[in-house]
Amino acid sequence: MAEQNKDIIPTQFIKKDFDLSKKIDSDFLNLIKDNFGNDVSVISLAILVNNPEDESKKELISFNYRNDKEQKNNEIIVDISNPNSFDKLRRIL
């Protein structure tokens with residue numbers, strides 16, 4: 001059975017206790033809140049990591065809440081385009 005799992009490469013995981021709105025510039029969020037007159041929260045963020053030496057090695061990292069419950073519980077889904085980046089992200093988060 002372990003042999004069959006070698007072809008499974010995880011590129012998504014859940015990070016608990018991660019409030020995405022606290023990671024975004026508060027001045028920017030306050031400007032949106034002030035102009036719209038409503039509460040503001042961040043539900044998605046995508047980051048492109050460029051590799052100037054090799055265009056084919058660009059990486060996309062996205063942070064998303066799947067629903068309101070996960071947002072309230074600060075459980076975010078992290079998607080990565082390069083499974084080798086998991087350890088890097090684990091150190092960051």
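Results, tabulated for the structure shown:
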| item | result |
| --- | --- |
| DSSP loop GluC sites (Glu not before Pro) with at most 11 other Cβ within 10 Å: longest gap in the chain | 4-52 |
| Accessible surface ranking that places the most exposed of VAL49, VAL42 first, with a 1.4 angstrom probe | VAL49, VAL42 |
| Charge dipole (region 21-92, unit charges on Cβ, about Cα centre) - positive-most of ASN51, PRO83, LEU29 | PRO83 |
| Acute angle (nearest 10 degrees) that the helix 26-36 long axis makes with the longest principal axis of the chain, alpha-carbon atoms | 50 degrees |
| Nearby lysines by direct alpha-carbon distance to LYS22 (threshold 23 angstrom, same-chain neighbours under 8 apart not counted) | LYS33, LYS69, LYS72, LYS88 |
| FRET E, pair LYS16, SER85, Förster distance 22 Å, beta-carbon r, rounded to 0.05 | 0.70 |
| Charge context of LYS33, other residues only, Cβ under 12 angstrom, K/R +1, D/E -1 | -3 |
| Correct choice for semi-axes √(5λ) of the Cα gyration tensor in Å that was computed from the model, options (i) 30, 18, 10; (ii) 67, 11, 10; (iii) 24, 15, 10 | (i) |
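The values are calculated or read from the model by the stated rules, or taken from the named source; none is laboratory data. Bear in mind that the values here come from a model prediction, so they are computed numbers and not experimental data. Here the Cβ is made from the backbone with ideal geometry for all residues, glycine too, and neighbour counts use every protein chain on show. Side chains included, ligands, DNA and RNA excluded: accessible areas come from the protein's heavy atoms. Shrake-Rupley method; radii C 1.70, N 1.55, O 1.52, S 1.80 Å.
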